[in-house]
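One structure is given here, and the rest of the page talks about it.
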There are 2 protein chains.
Amino acid sequence: MAEYILASQNGRTIPTEDAIFGVNTRASQCIREYGKENVIDATIGKLLDDQGSLLVLASVDEVYRSLKPEEYANYAPIAGTPGFRKAAIQAALKNNTLKRIPRACAAPGGTGALRLAVGNYSSIGDTILTTDWHWGPYGKIAGEIGRSVETFRLFDNDRNFDVEEFRSHVNGLAEKQDTLLIILNSPGQNPTGYRLTDDEWKSVIAVLSALPSSKKIALVADTAYIDFAGDEDDVRTFLPLFDTLPDNVMALLAYSFSKTFTLYGMRCGALIGLAPDERTAEEFSRVTEYSGRASWSNCARAGQAIIEHIYEDPALLERVTAERTEIRNMLLARGAAFGEEASKCGLDMLPYNGGFFAVVPCENAKEVGLKLEKEAHAFTIPFGDGLRVSLAAMPMTQCRILPQKMKDVLSSME
Amino acid sequence: MAEYILASQNGRTIPTEDAIFGVNTRASQCIREYGKENVIDATIGKLLDDQGSLLVLASVDEVYRSLKPEEYANYAPIAGTPGFRKAAIQAALKNNTLKRIPRACAAPGGTGALRLAVGNYSSIGDTILTTDWHWGPYGKIAGEIGRSVETFRLFDNDRNFDVEEFRSHVNGLAEKQDTLLIILNSPGQNPTGYRLTDDEWKSVIAVLSALPSSKKIALVADTAYIDFAGDEDDVRTFLPLFDTLPDNVMALLAYSFSKTFTLYGMRCGALIGLAPDERTAEEFSRVTEYSGRASWSNCARAGQAIIEHIYEDPALLERVTAERTEIRNMLLARGAAFGEEASKCGLDMLPYNGGFFAVVPCENAKEVGLKLEKEAHAFTIPFGDGLRVSLAAMPMTQCRILPQKMKDVLSSME
C-alpha cells in the first residue's frame, strides 16, 4: 500500500506509476534508438494515418476556425447548450426514434459521462458490474467516489457473450444491493473490439427484466467507439430494444464526440438518459446537472459549438459523415488485414467486429509484451490475460506484419 | 427532501430549481418587456463591455485561431501539457519565487481545481472550513463527494478579517478531525470583493502553525479573480508568506484562466500545490493526476495550448497583459463609481477592493431583491444576508445609478 504524507487515501489505491505510461516511455526510447520505421507502436488510442499523424476531419477543422469568440470563450450552460444537447441525442441515436424519453447532459468526454452515470445511478458503497475485459478507468471512476467494480466473464467457451455469467452476477448483486449499475461497452469494445449481437442485448434485457421491480437498475451502454465499429446504422440496431426494458431500469448511453468527430482534446461528451417516463427524464436532468456543477461546473463550449453547427447544416453534416466513413473504412481494413494475417499464421485473437482495438489473448501477458518489445520492437498494452493492439495507431503495413511477430514470440515461450 | 425515483440521493440535497436560474429567467423576461436599456442585469459573472457584450482579449482570440488541429484535437496529458503546467505556475505566482516547491495539475476551470483539492486533501466525512460569505458551489463540490462545509464569520465588527472566529473554528475542527481543509477566496472575493491584507494572511498562518504537527492541514487560496483585483504584483504579495507555513500544511492555489485570459468557456484551470518538500510535491502530482483521470480524464487542450503560446512569446505575453490591464481598469473604475455613489446616498456595502462582485448587506435579502426587481428593474443575486452586485456585467452608467435605487428600496422597507 502506498504511504500518504499530506494527501488522504480515501480508500483509493493510487499507484506511483501508471503501467501504460511505462510502455509508452519504452516505446519512445525504442523509436529514438532504432528509428520510427523500425518500431511498431500499437499502444495509442487515437486514429492515426499511415504516416503516424493524428487524423482530424477537415470539415471539423473548418468549423473550429469559424467559431466566434462568444462561442468558445463564453460559458456553456451546465448541461450543455440547447443546440448541443439536441445534436448529442441525434448523434447517439441517429435514425432511431425510441418510445423512451431521451435527455442529454454534457460531460467532459466519455469519462465524464461515465462519472455522471456512476455518481447518480449507483449508491455509495455499491458494487458496479462490468465485463472481465474492460477499459481500466471504469474501476478508477468507481473507486474515486466510493464504489467498486465486479466483473463477469465476457465470453463463453464459444466466444459469444456469456449470458449465464451475466445472469448469475446480476442476480448475486441484486440480492445484496437495492441499486445496481452495469456497464457494457459495445459496439467496438475497448479492448476487444467485440459487439454484442441484438440477440445478446435481448438476453441482457431479459435478465434485467426478471429482477424485482423494487430494484433500481441502470444499464449503461458505453458507446465511445460506436461510429468506428461498422456501418453507423447497422451498429445502432440494438438501441430500440431499450424500449422493452421495464420501468425500474434506467438506460444510459455514455457518448463521446472524441472519436466520432476527431475531437479528442475538446473533451466533448454527453450522458444520454433514455427514461421510461417524464418524471425520470426530469430527474435525470436535475441530478446529472447537479453532479456536473459540483465536479467541473460547465463543460468546454468550443466542442459543443462545433457539434451544434454541424447538426444545424445538413450539407455540412453530410460532409463530416462522408469524411468519417473514409477514415473508418481505413480502420476497418486494418482490422481485416490483422485478422487475416493472424488466421494465416495461427495467432489466436478475441472476436473483433470494429473499433480501435483488438486483443490477442495469452497467459503471462506482461512477460509476453516485454519480450515482444525487446525482440520485435513492437509495443502493445498488457490487459489481463492478453495484449491489446491498437489498430487505430498502426499503418496497414504493420497490421500485416505484427501477427506473425506475436505468433513467433508466443511460440518461443511455449 | 426531494424524492428520488431511479437516481440515488447519496447524501446530497439536489434542488429542483436553481435560485440563480430563477433570477436570470425574470431578468430576461423584464428585458423583453421593458427593453435592454431600461433593465439593470447585475447577475452575470463575466466581464462585459458597456454595450453588454462579452469581453474577449483580441490577442487571445488571435492565438485561438492560430492553433494547429493537433493542438486542440489531440488529447492533453492528464496533468496538462508540460508547457501549460509551467505557464500555469508562472501565471499564478508571477514574479514570486518561493522556497516551497510548486507543482501544477490541469483542471476544468477553478471548479475542477477545487474538486482536486477537496478530493485529495480532505477525508471522506470531513467538515471543510470556509467563510460565511462564500461562493455557493463550495458546498456542492464538498457534498458531491461526501464532505460538508462549516463557515466562520468573515468580517469582525470593524469589517476586517475575523481572525478570532477563524482561530476558534480551526481549533474546533482540528480537535475532531485529523485532516482539515480550509478555503479562503482572496483577492477579489466572490461575492464581496474583499482582499485579505498581508497581516491578515500572517494571522491565518499563525493559527495554522499553532496546530499539532500531526494534523494534515490544507490551505486553499481560491485565486479565481486575482488578476482583476488590482495591480497584478500588489495582489500577490501574500504568496511568499506561504513559505512560513509548517510542513504539515499543504498550500494550494485554485487558479482559473477563465477571467485572467477571458477564456471562461475553455474550462482551463489548474490546482497548484506549494509543497514543503520534494516528497509531498511528488505526492501532489500523483494524487491529483489520479483524481483527474477518475473524474474527467484529461482536460480540454485548446486553452492549454493558448496559454502555452502566450508564455512562450514575451512580446505576446506583454500584449495580453496590456489588454487585460485596460479591461481591469474599466472594471475597477466601475467599482469605484459604485462605491462613490453608495457613499453619497448612504448605502452600506461590504469592503470591496477589486474583483467582479460587490455586496450590499441587508436583512431579508430575497425580499429586497424581489422588490428591487419589481420597482427598479434591477436584478441582483441574494447571497445570505445581502445582495451580490456584478460590477463586471454593468456599464458605468448603471454603476452610477444602481446604489440610489438600492437605497430607495431599502429605505422603503424600513
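The values are calculated or read from the model by the stated rules, or taken from the named source; none is laboratory data. Since this is a predicted model, take the numbers as computed values, not measurements. Cβ: placed from backbone, ideal geometry, glycine included. Neighbour counts: every protein chain shown. Accessible surface is based on the protein model in full, side chains and every heavy atom, while ligands, DNA and RNA are left aside. Shrake-Rupley method; radii C 1.70, N 1.55, O 1.52, S 1.80 Å.
Points worth noting:
- Only Lys, Arg (+1) and Asp, Glu (-1) charged, at Cβ; the protein assembly as shown dipole about Cα centre in debye: 60
- Most to least accessible of A:LEU410, A:LEU391 (protein chains only, probe 1.4 Å): A:LEU410, A:LEU391
- Once the Cβ-Cβ distance of B:ASP199 and A:LYS176 is raised to the sixth power relative to R0 = 56 Å, the FRET efficiency obtained is 0.50.
- Among beta bridges identified by DSSP and lying wholly in the range A:74-313, the antiparallel ones come to about 40 percent.
- Fraction of beta bridges assigned by DSSP in the protein assembly as shown that are antiparallel (%, nearest 5): 50
- Other protein chain C-beta atoms within 10 Å of residue C-beta, averaged over A:279-289: 4.
- Accessible-area value, B:VAL368, 1.4 Å probe, nucleic acids and ligands omitted, Å²: 10
- Rounded to the nearest 20 debye, the dipole magnitude of chain B is 760 debye, with +1 charges on Lys and Arg beta carbons, -1 on Asp and Glu beta carbons, and the Cα centre as origin.
- Interface between chains B and A: roughly 6800 Å² of accessible area buried, both sides summed (probe 1.4 Å, protein heavy atoms only).
- Chain A residue with Cβ closest to the axis mapping A onto B, distance in whole Å: A:ALA300, 2
- In this assembly of identical copies, the label point of B:ASP385 (Cα plus 7 Å along Cα-to-Cβ) is separated from its counterparts by 6.7 nm, sorted shortest first.
- For A:SER148, inter-copy separations between label points set 7 Å beyond Cα along the Cβ vector come to 2.7 nm, shortest first.
- Spatially, the range A:203-282 and the range A:25-61 are offset by 32 Å when compared through their Cα centroids.
- Sum of side-chain charges, A:ILE5 neighbourhood, beta-carbon under 10 Å (Lys, Arg +1; Asp, Glu -1): -3
- Per-residue average of Cβ from other chains inside 10 Å of B:216-226: 1
- Cα gyration tensor category, rounded, prolate or oblate, for the protein assembly as shown with a/c compared to 1.5: prolate
- Taken along the Cα-to-beta-carbon direction at a fixed 7 Å, the label points for B:ASP234 and A:ASP231 span 6.9 nm.
- Fluctuation leader among A:GLY273, A:GLY384, A:GLY265 - chain A, Gaussian network, Cα springs under 10 angstrom: A:GLY265
- Net charge of Cβ neighbours under 11 Å - reference B:LYS99; Lys, Arg +1; Asp, Glu -1: -1
- Whole-angstrom gap from the range B:326-403 to the range B:84-101, using each part's C-alpha centre: 34
- In chain A, helical runs assigned H by DSSP with n ≥ 4 each contribute -39500 (n - 2.57); averaged across all residues and rounded to the nearest 500, the mean residue ellipticity at 222 nm is -14000 deg cm²/dmol.
- Copy-to-copy label distances for B:SER285, where each label lies 7 Å from Cα along Cα-to-Cβ, are 4.4 nm in order of increasing length.
- Net charge, B:ALA294 excluded, C-beta distance under 14 Å - Lys, Arg +1, Asp, Glu -1: +3
- Taking every DSSP beta bridge that has both ends in chain A, the antiparallel portion is near 50%.
- Sorted on the mean count of surrounding Cβ atoms within 10 Å across their residues, most packed first, peptides A:314-326, A:41-53 read A:41-53, A:314-326.
- The mean number of Cβ atoms from other chains found within 10 Å of a Cβ in peptide A:254-267 is 4, as a whole number.
- Accessible surface, per residue, of chain A when the full set of protein chains is kept, probe 1.4 Å, Å²: 36
- Calculated FRET efficiency for the pair B:ASN96/A:LEU370, C-beta based, R₀ 45 Å, to 0.05: 0.50
- Measuring with a 1.4 angstrom probe and ignoring ligands and nucleic acids, B:HIS309 comes out at about 50 Å² accessible.
- Rounded to 0.05, the FRET efficiency of the A:LEU241 and A:GLU340 pair, given R0 = 45 Å and the Cβ-Cβ distance, is 0.90.
- The modelled label-to-label distance between A:GLU150 and B:ALA315, using points 7 Å beyond Cα along the C-beta direction, is 6.5 nm.
- Surface share of carbon and sulfur [accessible, 1.4 angstrom probe, percent] for the protein assembly as shown: 50
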